[in-house]
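The values are calculated or read from the model by the stated rules, or taken from the named source; none is laboratory data. Only a predicted model underlies this, so the values are computations on that prediction, with no experimental measurement involved. Please note: Cβ atoms are built from the backbone with ideal geometry, for glycine as well, and neighbour counts cover all protein chains shown.
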């Protein structure tokens, strides 16, 4: 990923990070900006402004940023530090003129021009008030472009998302709005479209004639980890299903875009969601973890974590059967699953092919072993790569069948230092490419589908906790698959 100094360099602008003292900014945003600076993708005139509500020096801000050892030499770190400024702004009208003047002065001093790239690492309820204040105070200039990047969650249901979008679009049009989901920046998620549409080997069998079902799993080993205030309101459905899982599903299921431009790709993705059948009772399983062991260490149940209601009904696990009502996917279920405190952290999509009708080897009594399904696996994390499972004859006398694996190991080929998701997405944000960002109609369609699940869930008390920390989730999730299928990840890796 290392590039010549001027390759893909962003044009000069002022980068402003609201919420610069928060965990997300310190762990992800500033390290990604540092990586872009180190690789020569940021213009030398570009200053990076961290916005703090309380007085803080530039050095104090930088000292809080999580830049790992070996991620740049001393000279590079000093050069990055010279680009970073901490400016105090308490998000009130009283301090607005001083904040705008300080940013304009910095832009003039550096020769950054009038373009502004504002990253909102803030709670969703602070998006619109902050954006409105900036417009009112003349923060955005008519002779320069303006871009705003918003973190998830974008609303907590369809009604709140529509209200938030209506407020923001009073001040900015869709071309200026970048709704970020870091999963779209992950290399193997981005590879899904290339794998499908650049290879006849996969593309010609990517339909209901050949595919039995699709599984997408995002498993986490962590619990609430100090985020109980947020997670108690969100749960697994809003935190993971509505965004990460829906994006992977859309890329796996979409028709070929008319072109590779942002709108064509996003048109194809949103069309998948519009064809999804609303879930009803029996289409999903919810869970909450109890005490158990993860990595050989005892962990408490969700209800025992700090800040969690001792009688909480918040789900930490969801598995759902999704159906897409179009010719390509008629009769092919998509099984989506995510959970906290599972046995291993991973994200993976498994495409399971149908058995051949009248399989010669299945019928022949002289054959030892039963041929398993052919499976195409896209490993998003860890150990990123693509594998294909298929049946072979084992060596020796007789006819004994075994499963073999063809493997593309991403880090074996490209090394461990390929760009992190936030680095990819921040670069696309700064150059103005919206392909990897969520358009409003996708947000709207995903919330409409998730709201149907929420309505089907009802208000009755759930039998929580219903799975032990360190396992692969509730037993009911296995039955959800039906037809003798198994969760491939839970069977082979998590159990």
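For residue 37, which of the numbered conditions (1) under 27 Å from the mean Cα position of the chain (by Cα); (2) crowded, with 18+ Cβ neighbours inside 10 Å; (3) under 23 Å from residue 124 (Cα atoms) fails to hold?
Of the numbered conditions (1) under 27 Å from the mean Cα position of the chain (by Cα); (2) crowded, with 18+ Cβ neighbours inside 10 Å; (3) under 23 Å from residue 124 (Cα atoms), the odd one out for residue 37 is (3).
Is it true that residue 462 is within 30 Å of residue 324 (Cα to Cα), touching a strand residue (DSSP E or B) at 6+ places or on another chain (Cβ under 9 Å) and in a loop (DSSP other than H, G, I, E, B)? Step through it out loud before you land on a result.
Values: within 30 Å of residue 324 (Cα to Cα): yes; touching a strand residue (DSSP E or B) at 6+ places or on another chain (Cβ under 9 Å): yes; in a loop (DSSP other than H, G, I, E, B): yes.
So residue 462 passes the test.
Given (1) under 27 Å from residue 272 (Cα atoms); (2) in contact (Cβ under 8 Å) with a residue 60 or more places away in the chain, identify the lone condition not met by residue 464.
Every condition holds for residue 464 apart from (1).
Select from the stretch 102-125 the residues that are assigned to a helix (DSSP H, G or I), free of Cβ contacts under 8 Å to residues at least 60 places away in the same chain and under 22 Å from residue 172 (Cβ atoms) and list them in ascending order.
104, 124, 125
Any idea which of (1) touching a helix residue (DSSP H, G or I) at 6+ places or on another chain (Cβ under 9 Å); (2) without any contact (Cβ under 8 Å) to a residue 60 or more places away in the chain; (3) outside any loop (DSSP other than H, G, I, E, B) is the one residue 140 doesn't satisfy?
Just one mismatch for residue 140, condition (3).
Considering (1) crowded, with 22+ Cβ neighbours inside 10 Å; (2) touching a strand residue (DSSP E or B) at 6+ places or on another chain (Cβ under 6 Å); (3) under 30 Å from residue 354 (Cβ atoms), say which one residue 277 fails and leave the rest.
Evaluating residue 277 over (1) crowded, with 22+ Cβ neighbours inside 10 Å; (2) touching a strand residue (DSSP E or B) at 6+ places or on another chain (Cβ under 6 Å); (3) under 30 Å from residue 354 (Cβ atoms) leaves (1) as the failure.
Hey, could you check the stretch 407-425 for residues that are more than 17 Å from residue 8 (Cα to Cα) and in a loop (DSSP other than H, G, I, E, B) and say which is modelled with the highest pLDDT?
Per the criteria, the residue is 415.
Where in the stretch 166-273 are the helices (runs of 4 or more DSSP H), entirely inside, with at least 1 residues that are under 24 Å from residue 454 (Cβ atoms) and in contact with a helix residue (DSSP H, G or I) (Cβ under 7 Å, 6 or more places away or on another chain)? Give the derivation first.
Working: elements: 187-197, 200-203, 228-236, 246-253.
Result: 228-236, 246-253.
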